[in-house]
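The values are calculated or read from the model by the stated rules, or taken from the named source; none is laboratory data. Small disclaimer: the values here were computed from a predicted structure and weren't measured. Please note: Cβ atoms are built from the backbone with ideal geometry, for glycine as well, and neighbour counts cover all protein chains shown. Remember, those area values only see protein heavy atoms, side chains included, never the ligands or the DNA or RNA. Shrake-Rupley method; radii C 1.70, N 1.55, O 1.52, S 1.80 Å.
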Amino acid sequence: MSLSSNFIFFLLLPLIFHAFLLVVRAQNGGVVVSQQLWCVAKNNAEDAALQGALAWACGQGGVDCSPIQQGGPCYDPSDIQQMASYAFNDYYLKHGMTDDSCNFDNSAAVTSLNPSRGSCKFPASSAVKNGNNAGSTATTVGMGTNSADFSGCRHMARAWFWPFITIHFFFVCII
């Protein structure tokens, strides 16, 4: 190797090491992207379909419909979409936050826009990590019990750093 190629390799070393750390970090859980999600009635859903799905959710579906009953904070008989959304969201949170738990004969969809209005507060799910839905109403979400623990990344970096630097300087100085 010539002096200029050694110099270029020495300049590229931090970039190579940084790329290595990014790979290790990705293997140990990567970056957490957290977002709140709600299951709501679709804007174009027919009122009759929403009423039927609402009746099912509050009956067989086992949803807590007390907030959308008379006297509840989400009761508004003139807004079937809002009341159905509350029931759909409750069902969604209690049944695993899957596509199937937010369908209601294609009358519902998952959104990241908070549907809460005034005193009617919708509980939210959290969140998305690496593209996978996880958790229910928790605020910390991950793909495993130690998902937020990057100590493995630090350990890998320490284990590989000095041998890598030693070999690099060997080639730079000797060759």
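On inspection, residue 78 passes the criterion of being assigned to a loop (DSSP other than H, G, I, E, B), over 15 Å from residue 35 (Cβ atoms) and modelled with pLDDT of 70 or more. Return yes when residue 134 is modelled with pLDDT of 90 or more and within 24 Å of the chain's Cα centre (by Cα) and no when it is not. Judged against the criteria, residue 134 is not a match.
Looking across segment 73-85, the residues that are more than 11 Å from residue 41 (Cβ to Cβ) and open to solvent by 20 Å² or more (accessible area, probe 1.4 Å) come down to 73, 75, 76, 77, 78. Is at least one residue of segment 86-107 touching a Lys or Arg at 6+ places or on another chain (Cβ under 8 Å), crowded, with 19+ Cβ neighbours inside 10 Å, of a type in the set (A, V, I, L, M, F, W, C) and at pLDDT 90 or above? Checked against the condition, which is being touching a Lys or Arg at 6+ places or on another chain (Cβ under 8 Å), crowded, with 19+ Cβ neighbours inside 10 Å, of a type in the set (A, V, I, L, M, F, W, C) and at pLDDT 90 or above, segment 86-107 yields no hits at all.
Could you please let me know if residue 52 is assigned to a loop (DSSP other than H, G, I, E, B) and open to solvent by less than 50 Å² (accessible area, probe 1.4 Å)? Spell out the reasoning first.
Values: assigned to a loop (DSSP other than H, G, I, E, B): no; open to solvent by less than 50 Å² (accessible area, probe 1.4 Å): yes.
For residue 52, the condition - assigned to a loop (DSSP other than H, G, I, E, B) and open to solvent by less than 50 Å² (accessible area, probe 1.4 Å) - is not met.
Against the definition (in contact with a Ser or Thr (Cβ under 6 Å, 6 or more places away or on another chain) and modelled with pLDDT of 95 or more), how does residue 41 come out, yes or no? Explain how you work it out, then say what you get.
Values: in contact with a Ser or Thr (Cβ under 6 Å, 6 or more places away or on another chain): yes; modelled with pLDDT of 95 or more: yes.
So residue 41 passes the test.
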